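Take a look at the structure set out below.
Since every read-out is calculated from the coordinates, none of them should be taken as a lab result. Quick caveat, the model's predicted, so the values are computed rather than measured. FYI the Cβ positions are ideal-geometry reconstructions off the backbone, even for glycines, and counts take in every protein chain you see.
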Amino acid sequence: MTVRINPSILSADFANLESELASVSTADLIHVDIMDNHFVPNLTFGLPVVQRLQQVTPKPLDIHLMIDDPDRWAPGYAEAGAYSVTFHAEAAQNAVALARRLREIGARAGIALKPGTDVAPFLELLPEFDQVLVMTVEPGFGGQSFMENTMPKLALLREETTRLGLDVWLQVDGGITEKTIVTAAEAGADTFVAGSSVFSTGDPTAAIASLRAAAQAHIH
Ligand code: DX5
Ligand code: ZN
């Protein structure tokens, strides 16, 4: 199984995003957090910034929408050329219709679950998605601690994707370090978002390599 390491630019220097993107050239995808100060109590940026990022990096963008009304706003990110667009299950009116629309435009469709959101209703919908994001912190801020009690969701998701023979990426986001990435890989994740543990280290290339090695040794 393939390990993917997706640095989150939430922890990058927003005044120098182009050089920050260049510093993570060994990443698989670039994780971009969109927050609207309604769905989460924090605010980042929106579509115009994503359109510009898309122009200055050859890396595929992994958009994480922490916004209300993704049914209305998510397709614009797919139209901008984002490789993957993930919206929150708690915010979507019609998750399946939205995922179909994202795929139709040409993006991978992802659904994200907050720590308190049960995964059970989504297991039968897995063929509709290319990625499930299991939040391992409450969405909204970087630098929080990994919540190990979210791991049973990954185990269920991995069991179901294997049973159905689906290639759905299982992503974790929040508090991922060289230590917690092992726990998440063992639980069934294959796609790892890391913000502070990549950008706050001074050596993003080395950080990505260490995270990748730790995950690779425990993925199954
Ligand atoms: C949090 C964001 C994350 C954040 C993770 O709501 O979705 O992508 O950047 O940051 P770390 O890796 O520092 O926990
Ligand atoms: Zn995120």
T180 is checked against (1) among the polar types (S, T, N, Q); (2) more than 25 Å from D36 (Cβ to Cβ); (3) touching a residue at least 60 places away in the same chain (Cβ under 8 Å) and fails just one. What number does that condition carry?
(3)
Unmet criterion (only one of (1) over 18 Å from the mean Cα position of the chain (by Cα); (2) surrounded by 22 or more Cβ atoms within 10 Å (Cβ to Cβ)) for A22
(2)
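Please specify each residue of segment 156-201 satisfying the condition of being among the hydrophobic types (A, V, I, L, M, F, W, C), assigned to a helix (DSSP H, G or I) and surrounded by 15 or more Cβ atoms within 10 Å (Cβ to Cβ). Let's see the steps before the verdict.
Initial filter on segment 156-201 (among the hydrophobic types (A, V, I, L, M, F, W, C)): 156-157, 164, 166, 168-170, 172, 176, 181-182, 184-185, 187, 189, 192-194, 198-199.
Keeping just the survivors that are assigned to a helix (DSSP H, G or I) gives 156-157, 164, 181-182, 184-185, 187, 198-199.
Of everything in segment 156-201, those that are among the hydrophobic types (A, V, I, L, M, F, W, C), assigned to a helix (DSSP H, G or I) and surrounded by 15 or more Cβ atoms within 10 Å (Cβ to Cβ) turn out to be L156, L157, I181, V182, A184, A185, A187, V198, F199.
Go through segment 189-206 and count every residue that is farther than 30 Å from A15 by Cα and either touching a residue at least 60 places away in the same chain (Cβ under 8 Å) or within 12 Å of ligand 1 (Cβ to nearest atom) (or both).
1
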Tell me which of these E186 doesn't satisfy, since it passes every other one: (1) more than 16 Å from ligand 2 (Cβ to nearest atom); (2) touching a residue at least 12 places away in the same chain (Cβ under 8 Å); (3) within 25 Å of P60 (Cβ to Cβ).
(3)
Filter segment 109-160 for residues that are among the small types (G, A, S), near ligand 1 (Cβ under 9 Å from one of its atoms) and touching a Phe, Trp or Tyr at 6+ places or on another chain (Cβ under 8 Å) and give the result.
A112
Residues of segment 107-146 satisfying the condition of being within 15 Å of D33 (Cβ to Cβ), of a type in the set (A, V, I, L, M, F, W, C) and surrounded by fewer than 20 Cβ atoms within 10 Å (Cβ to Cβ):
F141
Could you give me the residue pairs with C-beta distances under 8 Å whose first residue belongs to segment 149-166 and is more than 19 Å from E128 (Cβ to Cβ), whose second residue is assigned to a helix (DSSP H, G or I) wherever it lies, and which are 6+ apart or on separate chains?
M151/T183; M151/A184; M151/A187; P152/A187; A155/A187
Selection over segment 127-145 where residues are in contact with a helix residue (DSSP H, G or I) (Cβ under 7 Å, 6 or more places away or on another chain), part of a loop (DSSP other than H, G, I, E, B) and within 16 Å of ligand 2 (Cβ to nearest atom) yields a count of 3
Go over the candidates E148, E124 one by one and state the one that is over 27 Å from T26 (Cα atoms) and touching a helix residue (DSSP H, G or I) at 6+ places or on another chain (Cβ under 7 Å).
E148
Heads up, the strands (runs of 3 or more DSSP E) in segment 1-100 (entirely inside) with at least 2 residues that are free of Cβ contacts under 8 Å to residues at least 60 places away in the same chain and closer than 27 Å to A187 by Cβ are 30-35, 61-66, 84-88
